[in-house]
Amino acid sequence: MPRQSLRRSLISLCAVLCLAALAALTVPAYPFPAAGAAGGPARPGPDALTALAGQVRDGRPLQRGPARHIAVPSGLPVVRDAVVTLPGLHRRTTTSADGYFAFRNLRIPASSAYTLIVQKKGFGRWQESGIRLVPGMPAQVYVELHSAALALQVPRPVPQPDNGPAGHAGHAVAPDSCPGNSSGWTSQTEEPPTIRVYMTGQHGSTDAGDVISYDFSFYEQHVLPDEWEAGWDEPALEAGAVAVRDYAWHFVVNGSKGTIYTSAGDPNPCSFDVDDYIDYQDFDPFAPSYNSTSTAVNRTADYLYTQHSAIPETGYDSGSQKDSCGQDYGTRETGTMSQWGTQACAQGGEGWRKILATYYGYKLTPFGSRGPAVAVDKSGNVFAFWQNSGGGLEEALYSAATRTWSGPSAVTAGGKGMGPLGSPPTVALGPQDSGGYADQYVFWKGTAPASGLWEAYWNGSWHGPLDLGDGPLGSAPAAGADRAGDVDIFWENTGQGLEETSWNGSAWTAPSAISVNGSRLGPLGSSPSVAVAPDGDQYVFWRAAGAGAGLQEAYWTGSWHGPAALGDGPLASPPAAADSSGKVYVFWENASGDLEQAAGSGSSWDAASAVRVNGSVIGPLGSAPAAAAGPATGYRYLLWRGPGSSASLWDAFWDGSWHGPADLGLGPVG
């Protein structure tokens, strides 16, 4: 795949230096400002301020034999009390208990190169020269220490006009020779936790010939600065971030190109998803990354493009510096995106969504990775939960008595937070004392490699997190409870079938696949949603897999029925369901980004309709909606992550008519 790539060479044989946004890691990141106001990054003058922060991890476990089970960097231990110096700026610090360090308020001339040194007893001395710091564009550094000393050199990036899709020396290509993917990951609605990368040696001899599992977000944030210029306008970088995400996800799901290598090592061509060079995407885990590219990845983290409900191979190339918006090498193009063309579009005032539509024409899908969860108790109190930017569980509470929101606050037990979460949370309510709050049960998918079912619960105080031992989960879970407080949880398993477990008042049942007349329910095209009636009947919904992306249902009224296509859609997000006095309401974001609903139960359903307030539809949303029924008959309450970079919590509710949408000012969500 051709690209605007930045080629570099390295000197070390013993270690890995990866520069990336710390927000991609599973621990809280340093709070750096955004890369610039809308319309383009800031253009500071000479001797302006910047910052350099980072984290240090122990890379020695990678050298102790097969490391397939280790996800880099999240699976490696942190290194505390390491001494970190920037000799050229006379700055020195040590890493915290979480392995972090930060140099702030660095006054530097424009585009200057510096050396960073990290030392800790028991490890080899780490040194990286040629790190380019840019005024107004903070950088984040991930350092991986090994036993031996190393010295790395990153030359100044040199843009390549067209690196081309042709194979580089040392391998041949056997198209479509792999019968499946290397990881078993099949979901096209839940982001894969990792991506397996074959290190070709094109970026240096460190790890050449190895297949390494990298955290998926870490991979994204290392590809984008090697493919797009970090100083370009924000919409161009954001369009590039979505293209990078789609391309990587496509090969995780579908398997590699079957490339046969004869240079560095000789791996099974079906044992990885991508390689680190330009036949896929230019992934250099040894090169600098900047806040502008990391911000672009984070701001678009909930979106990917789909074509016929599948993730396409989003082709792009460097194009020409003379390309206007929509051109690739001077020719009008639909299907291949010019990197220079994205910058022309951005400079012409187009946002990233419009840029992607100009070049690809596919459907933009919010896959709901950062949506909230909501529940309403019989007193009308509202409980909202979501994953915060550090990966932990956060909550806010609406008191019906005072009609005010409190929070947001991190959910903690014994002084420790809940997380990191590997999916958005789901919540079910249990018993409620007179005048008090209902018990709250929150569930989520754990992080790789186990990706099991986890729980935290409140019955006057918080308890958890608890690993329930079920999994691995292939999607976010969905939970609901009946009037007795018995909880039912559903998810898509890694075989793309619908699976459940239940709490019967004293114990969790063993997870079991749901089948009707001997046939399993699946594959699912999204995470499921469930509405549990007061009598325990269960109604499960999901977006259909394949063409159409319509609304599908299965329901239990003593035995399972379905799956049934309800004739609504296409859905652009996973659905949300709530039961109010025996009537089920389902909500989703449609292809135009607006909120739609359908109502019914079992086999009887009303036609879908847009949710309107004073004649205006509600939308666009920034995530899949979350839905809950209230104490009054027919009452419905909705929450979602707001559109744009603010990522705050929004709501709408129905108490006889629709009200909203309203920005609650809580968050950010994710």
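Across region 318-354, what is the number of residues that are in a helix (DSSP H, G or I) and either at positive phi or not charged (D, E, K, R) (or both)?
Total satisfying the criteria: 10.
Go through (1) surrounded by 21 or more Cβ atoms within 10 Å (Cβ to Cβ); (2) over 30 Å from N388 (Cα atoms); (3) not β-branched (V, I, T) one by one and return the number of the condition G582 breaks.
(1)
I'm trying to understand the selection: among the residues of region 513-541, which are assigned to a strand (DSSP E or B) and more than 17 Å from F443 (Cβ to Cβ)?
Within region 513-541, A513, S515, V516, S519, R520, L524, Y539, F541 qualify.
Is region 461-477 home to any residue that is within 27 Å of S581 (Cα to Cα), of a type in the set (D, E, K, R) and surrounded by 14 or more Cβ atoms within 10 Å (Cβ to Cβ)?
no
Go through region 614-646 and report how many residues are outside any loop (DSSP other than H, G, I, E, B) and exposed (fewer than 14 other Cβ atoms within 10 Å of the Cβ).
Number satisfying all stated conditions: 1.
Go through region 121-216 and tell me which strands (runs of 3 or more DSSP E), entirely inside it, have 1 or more residues that are at pLDDT 85 or above.
126-133, 139-145, 194-198, 211-215
Could you grab me the full set of residues in region 492-542 that are among the charged types (D, E, K, R), in contact with a Gly (Cβ under 6 Å, 6 or more places away or on another chain) and closer than 22 Å to A626 by Cα?
E492
Which is in contact (Cβ under 8 Å) with a residue 12 or more places away in the chain, out of contact with any strand residue (DSSP E or B) (no Cβ under 6 Å at 6 or more places or on another chain) and under 22 Å from A301 (Cα atoms), of C325, C345?
The conditions single out C345.
Answer yes or no as to whether V83 is closer than 19 Å to S289 by Cα, assigned by TED's automatic domain parsing to the domain that holds S213 and not charged (D, E, K, R).
no
Out of region 509-528, which residues are polar (S, T, N, Q) and over 22 Å from the mean Cα position of the chain (by Cα)?
Within region 509-528, T509, S512, S515, N517, S519 qualify.
Any residue that is surrounded by fewer than 22 Cβ atoms within 10 Å (Cβ to Cβ), of a type in the set (A, V, I, L, M), part of a strand (DSSP E or B) and assigned by TED's automatic domain parsing to the domain that holds E227 - is there at least one of those in region 269-277?
No - not one qualifying residue is present in region 269-277.
Given the options P285, P267, P312, name the one that is touching a Leu at 6+ places or on another chain (Cβ under 8 Å) and either of a type outside the set (S, T, N, Q) or over 22 Å from G231 (Cβ atoms) (or both).
P285 is the lone residue from the list that is touching a Leu at 6+ places or on another chain (Cβ under 8 Å) and either of a type outside the set (S, T, N, Q) or over 22 Å from G231 (Cβ atoms) (or both).
Given (1) in contact (Cβ under 8 Å) with a residue 40 or more places away in the chain; (2) in contact with a Gly (Cβ under 7 Å, 6 or more places away or on another chain); (3) not basic (K, R), identify the lone condition not met by G335.
All conditions pass for G335, except number (1).
Let's see how each residue does on (1) part of a strand (DSSP E or B); (2) modelled with pLDDT of 90 or more; (3) under 23 Å from the mean Cα position of the chain (by Cα):
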position	(1), (2), (3)
G361	no, no, yes
R370	no, no, yes
V374	yes, yes, yes
K378	no, no, no
A384	yes, yes, yes
G391	no, no, yes
E394	yes, yes, yes
L397	yes, yes, no
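Please verify whether region 612-634 includes one or more residues that are more than 30 Å from W556 (Cβ to Cβ), in contact with a Lys or Arg (Cβ under 9 Å, 6 or more places away or on another chain) and touching a residue at least 12 places away in the same chain (Cβ under 8 Å).
Yes, region 612-634 contains a residue that is more than 30 Å from W556 (Cβ to Cβ), in contact with a Lys or Arg (Cβ under 9 Å, 6 or more places away or on another chain) and touching a residue at least 12 places away in the same chain (Cβ under 8 Å).
Would you pick out the residues in region 318-341 that are acidic (D, E) and either under 17 Å from H250 (Cα atoms) or more than 30 Å from the chain's Cα centre (by Cα) (or both)?
D323 - this is the single residue of region 318-341 that is acidic (D, E) and either under 17 Å from H250 (Cα atoms) or more than 30 Å from the chain's Cα centre (by Cα) (or both).
Among the residues of region 457-476, are any of a type in the set (D, E, K, R), under 28 Å from A545 (Cβ atoms) and at pLDDT 90 or above?
No - not one qualifying residue is present in region 457-476.
Just checking, does region 296-317 include any residue being among the charged types (D, E, K, R), within 19 Å of Q140 (Cα to Cα) and not in a loop (DSSP other than H, G, I, E, B)?
Yes, the conditions are met somewhere in region 296-317.
S506 - would you say it is exposed (fewer than 13 other Cβ atoms within 10 Å of the Cβ), under 28 Å from the mean Cα position of the chain (by Cα) and without any contact (Cβ under 8 Å) to a residue 24 or more places away in the chain?
No, not satisfied.
Within region 656-666, how many residues are part of a loop (DSSP other than H, G, I, E, B) and touching a Gly at 6+ places or on another chain (Cβ under 8 Å)?
The number of residues fulfilling the criteria is 2.
Kindly evaluate P285 against the criterion of being over 23 Å from T336 (Cβ atoms), assigned by TED's automatic domain parsing to the domain that holds G184, touching a helix residue (DSSP H, G or I) at 6+ places or on another chain (Cβ under 8 Å) and in a loop (DSSP other than H, G, I, E, B).
Yes; evaluated as a whole, the condition is true for this residue.
Does T93 satisfy being at pLDDT below 95 and surrounded by 14 or more Cβ atoms within 10 Å (Cβ to Cβ)?
So T93 does not fit the description; no.
Please count how many residues of region 211-247 are of a type in the set (D, E) and closer than 15 Å to P73 by Cβ.
Selection size over region 211-247: 2.
Residue under question is P528, and the condition is that it be in contact with a Pro (Cβ under 9 Å, 6 or more places away or on another chain), in contact (Cβ under 8 Å) with a residue 60 or more places away in the chain and crowded, with 22+ Cβ neighbours inside 10 Å; does it hold?
Against the criterion (in contact with a Pro (Cβ under 9 Å, 6 or more places away or on another chain), in contact (Cβ under 8 Å) with a residue 60 or more places away in the chain and crowded, with 22+ Cβ neighbours inside 10 Å), P528 does not qualify.
Return the residue satisfying two criteria in turn: it lies in region 563-584 and is in a strand (DSSP E or B) and within 17 Å of S527 (Cα to Cα), and of such residues it is modelled with the lowest pLDDT.
Among residues in region 563-584 that are in a strand (DSSP E or B) and within 17 Å of S527 (Cα to Cα), the one modelled with the lowest pLDDT is L571.
The values are calculated or read from the model by the stated rules, or taken from the named source; none is laboratory data. Nothing here was measured: the structure is a model prediction, and the numbers come from that model. Positions of Cβ are generated from backbone atoms using ideal geometry, with glycine treated the same way; all protein chains shown enter the neighbour counts.
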